[in-house]
Amino acid sequence: MEILRIILTVIFVIDCIALTVVVLMQEGKQQGLGSIAGAADTYWGKNRGRSMEGGLVKATTAMAVLFFALAIVLNLNF
């Protein structure tokens, strides 16, 4: 059981570091004057899920779910 706890802790630490990196790679939601001029209607605005930004959002969601699941499992006393 102790080996499983060590493995989960290592995965947890890697997930924490990766989550921090992915969040820092994302652009800010405040686009300035570009959003007023209609930048949301451009090609990249319509296909956001296929762009790099969309991939970062999906990766952030997946890593956040893994983070919370590992935090709960590692906090259990077994």
When residues of segment 20-75 are filtered for being of a type in the set (Gly, Ala, Ser), at pLDDT below 70, at negative phi and not in a helix (DSSP H, G or I), how many remain?
1
Provide a single number: the residues in segment 10-26 that are open to solvent by 60 Å² or more (accessible area, probe 1.4 Å), under 21 Å from Ile72 (Cβ atoms) and in contact with a Leu (Cβ under 7 Å, 6 or more places away or on another chain).
1
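The values are calculated or read from the model by the stated rules, or taken from the named source; none is laboratory data. Just so we're clear, the structure is a prediction, and the values are computed from it rather than from any experiment. Quick reminder, even Gly has a Cβ in these numbers, built from the backbone with ideal geometry, and neighbours come from all protein chains shown. Ligands, DNA and RNA are excluded from the accessible area calculation, which covers all protein heavy atoms including side chains. Shrake-Rupley method; radii C 1.70, N 1.55, O 1.52, S 1.80 Å.
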